[in-house]
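For reference, the structure discussed in these notes is given below.
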Amino acid sequence: MIIADIEADLLDYADFEEVASVARAKLFITAAKRWLIVRADTASNEASSLTIGKSFVESMMKRATQYVAQNSSGSVRFLGPGRSFR
């Protein structure tokens with residue numbers, strides 16, 4: 001997977017709170033983990049260097065994890081004969 005694809009996923013799924021989607025939050029978490037694994041902390045060449053702060057992505061991943069924990073239901077209800085509902 002190319003880092004540009006991972007970064008595109010981060011941008012695509014960063015709206016998990018706005019659209020109230022646990023599924024998108026989970027996809028954001030996966031993209032954030034991949035990004036943190038493959039993205040170097042620093043990059044340099046002969047003339048310049050760049051330091052990339054991973055703390056923002058880490059904090060967003062933490063928010064997404066909390067969102068999933070708060071909005072996921074561990075139970076699934078099945079409706080069948082003999083069960084009443086309203």
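Derivation of every value follows stated rules applied to the coordinates shown; laboratory data play no part. Quick caveat, the model's predicted, so the values are computed rather than measured. Virtual Cβ from ideal backbone geometry, glycine too; neighbours counted across all protein chains shown.
Placing unit charges on C-beta atoms (Lys and Arg positive, Asp and Glu negative, everything else neutral), compute the dipole magnitude of the stretch 3-71 about its Cα centre in debye, rounded to 20.
On the way: 8 positive and 10 negative charges, 67 e Å.
Its charge dipole is roughly 320 debye.
Using the Cβ of TYR67 as centre and a radius below 13 Å, the other residues enclosed give a net charge of +1, where K and R count +1 and D and E count -1.
Mean projected area of the convex hull spanned by the Cα atoms of the stretch 3-71, taken over all viewing directions: 4.7 nm². Counted residue by residue at 0.36 nm each, then reduced by the alpha carbon distance between them, the extension gain from ALA40 to ALA4 reaches 11.6 nm.
So how do 56-68, 22-34 stack up, highest first, on mean other-Cβ count within 10 Å? Intermediate values should be presented prior to the final figure.
Details: 56-68: 15.7, 22-34: 19.1.
Put in order of decreasing packing, that is 22-34, 56-68.
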